[in-house]
1. For the condition on the phi > 0 side of the Ramachandran plot, more than 23 Å from the chain's Cα centre (by Cα) and hydrophobic (A, V, I, L, M, F, W, C), what is the one hit in Ala260, Ala208, Ala228?
2. For the range 143-174, give me the residue count where each residue is of a type in the set (Asp, Glu) and within 16 Å of ligand 2 (Cβ to nearest atom).
3. Tally the residues that are touching a residue at least 60 places away in the same chain (Cβ under 8 Å), more than 15 Å from ligand 1 (Cβ to nearest atom) and surrounded by 14 or more Cβ atoms within 10 Å (Cβ to Cβ), restricting the search to the range 236-277.
4. Which of (1) on the phi > 0 side of the Ramachandran plot; (2) modelled with pLDDT of 95 or more; (3) not small (Gly, Ala, Ser) is the odd one out, the single condition Glu93 does not satisfy?
5. Can you find even one residue in the range 134-143 that is among the aliphatic types (A, V, I, L, M) and more than 13 Å from ligand 1 (Cβ to nearest atom)?
6. Please work out which one of (1) touching a Leu at 6+ places or on another chain (Cβ under 8 Å); (2) part of a loop (DSSP other than H, G, I, E, B); (3) hydrophobic (A, V, I, L, M, F, W, C) is the condition Met120 fails and give its number.
7. How many of the residues making up the range 174-200 are surrounded by 13 or more Cβ atoms within 10 Å (Cβ to Cβ) and on the phi < 0 side of the Ramachandran plot?
Amino acid sequence: MVRVSVTKGMVVAVLVLESFYLLASLKKLADLEEECEGKSQKAVADNRQVKEEAWPPIYIITPTYKRTTQIADMTRMSQTLMHVPNLHWIVVEDALKTSDVVRELLVRSGLPFTHLCATMPDEYKDKPMMGKGVFNRREGIRWLRENAREGVLYFADDDNSYDIRLFEQMRTTRKVSVFPVGMILSLGVSSPIIRDGKVVGFHDAFQAGRKFAVDMAGFAINLRVLHANPDATIPLRLSYLEDGFLRRLRIELEDLEPLAWGCTQVLVWHTKTHRPGTPKMEHIAHTDFDTNLVELYNNMLR
Ligand code: UDP
Ligand code: MN
């Protein structure tokens with residue numbers, strides 16, 4: 001009979017070897033897991049990119065004009081839009097010339113953009129009941145007609161607040177989609193009224209004979225509709241811009257597609273930025289002329 005004598009040293013050696021083997025296996029497993037995770041993350045990203053490229057682009061027309069609150073409003077808006085893929089921002093200044101401050105903001109955003117300007121012709125200036133931001137919005141429409149075939153158009157004022165889920169929802173617009181706008185007029189909301197999934201009217205404090213009692217922020221249009229009505233544009237009459245435009249696009253109530261979960265949630269708000277005092281060089285005390293204040297005011301007043 002062969003007797004194998006197992007020494008304490010041998011046991012320790014086997015144990016140490018086993019531990020090394022275990023550690024190496026664990027490391028291999030962890031590497032493998034990491035690799036798989038990376039691969040699946042990349043697959044998700046690739047998939048998302050393919051999907052995003054296939055999505056119809058959203059064209060946002062934003063009328064804007066110079067005022068003390070403009071850059072704050074436009075910064076907030078640009079940084080909202082930066083979260084939205086496949087979007088083209090058409091910013092139309094109400095001015096004779098485009099400005100450097102707005103251009104620089106657009107470049108900083110990294111968004112695809114078109115920077116235009118248009119202003120109200122002099123002959124309209126004294127006329128009462130003229131809508132705001134009409135000629136610059138019209139200029140945006142002109143650009144779209146010439147430069148974009150497919151996608152969805154949305155008019156987004158520079159001072160409103162937008163939930164980015166709204167942009168994802170409006171991509172599916174076949175003709176005209178509609179949704180509630182919060183913080184507006186005396187009711188505090190303007191919304192299409194939906195019955196059995198269809199738009200049957202509008203809950204809006206300003207009816208005044210409007211067929212479409214909606215705010216500019218409350219609808220999006222498929223470009224097919226715009227191209228099918230080559231002469232349709234925004235009318236000049238104050239308070240009738242939206243109604244007039246939708247009528248000229250030959251839209252009927254039954255064409256409207258309710259978004260925002262059947263118009264049960266608010267995804268855009270008609271916020272208004274409080275107007276504080278206007279910064280002026282005269283506000284700087286003479287004794288502070290050798291400080292940062294001069295450059296600060298210069299930057300704000302550009
Ligand atoms: N706007 C413009 N020119 C003007 C006044 C307004 O281009 O003379 C733009 C403004 O920047 C905004 C939109 O038109 O994007 C609506 O203007 P505002 O927010 O003053 O209107 P309200 O919210 O009071 O309807
Ligand atoms: Mn506004």
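1. Within the list Ala260, Ala208, Ala228, the selection yields Ala208.
2. Looking only at that region, the number is 3.
3. Result for the range 236-277: 13.
4. The one condition Glu93 does not meet is (1).
5. yes
6. Answer for Met120: the failing condition is (1).
7. Of the residues in the range 174-200, 17 are surrounded by 13 or more Cβ atoms within 10 Å (Cβ to Cβ) and on the phi < 0 side of the Ramachandran plot.
Results for (1) more than 19 Å from Gly133 (Cβ to Cβ); (2) out of contact with any helix residue (DSSP H, G or I) (no Cβ under 6 Å at 6 or more places or on another chain); (3) surrounded by fewer than 17 Cβ atoms within 10 Å (Cβ to Cβ), shown as yes or no for each residue.
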position	(1), (2), (3)
Asp159	no, no, no
Thr172	yes, yes, yes
Gly209	yes, yes, yes
Ala220	no, no, no
Val225	yes, yes, no
Asp231	yes, yes, yes
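The values are calculated or read from the model by the stated rules, or taken from the named source; none is laboratory data. Given the structure is predicted, the values throughout are model-derived calculations rather than measurements. With ideal geometry, Cβ positions are generated from the backbone for all residues, glycine too; neighbour counts draw on all protein chains shown.
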